[in-house]
Amino acid sequence: MRHFMIRAFESLILLICGLSAIAVCIVAVGMVVSGQVLPGLDQLGLAGAPALDLSNPDAVLEALENGPPQAAPLQVWLSAGLFVLSGFAGIILFGGGALTLTGIYRKMARLVDLVDATPVT
């Protein structure tokens, strides 16, 4: 029964990792479609959309009429790529760590079964 529970837990981990990967891809597609850029992209030396100058009334009126300034397509794709890369790295680290722990537990369970089966003299 113990080995079945370990396999069930491993299956649950893989299911969570698979659903997380699908969610990361869906969010990345949504970022590209809507033209969203990661807020910290300018810290990497890549400026996002130009900031709105709130002290200039003409710029504020133009932004209200035309919408906010759009980011360049390269910045949007780079932002989505970084999001996918970091998302998949997190999934790999979480899933790999969890599966490693279940593997260690499986080995320990086999060792306990072996010790229990050893006759005492």
Those residues of region 60-89 that are loosely packed, with under 14 Cβ neighbours inside 10 Å, touching a Leu at 6+ places or on another chain (Cβ under 9 Å) and modelled with pLDDT of 75 or more come to a total of 2
Within region 72-119, the residues that are in contact with a Gly (Cβ under 6 Å, 6 or more places away or on another chain) and either of a type in the set (Lys, Arg) or under 19 Å from residue 12 (Cα atoms) (or both) are none
How many residues of region 101-121 are polar (S, T, N, Q) and outside any helix (DSSP H, G or I)? The answer is 2
Note on region 13-34: residues farther than 30 Å from residue 75 by Cβ and either surrounded by 12 or more Cβ atoms within 10 Å (Cβ to Cβ) or touching an Asp or Glu at 6+ places or on another chain (Cβ under 8 Å) (or both) are 13, 14, 16
For region 93-117, pairs from a residue that is basic (Lys, Arg) and modelled with pLDDT under 90 to a residue that is in a helix (DSSP H, G or I) and surrounded by 11 or more Cβ atoms within 10 Å (Cβ to Cβ), with Cβ under 6 Å and 6 or more apart or across chains, are 106/6
Within region 20-29, the residues that are more than 15 Å from residue 82 (Cβ to Cβ) and either in a loop (DSSP other than H, G, I, E, B) or of a type in the set (Gly, Ala, Ser) (or both) are 20, 21, 23
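The values are calculated or read from the model by the stated rules, or taken from the named source; none is laboratory data. Bear in mind that the values here come from a model prediction, so they are computed numbers and not experimental data. Heads up, the Cβs are rebuilt from the backbone with ideal geometry, glycines too, and the neighbour counts pull from every protein chain shown.
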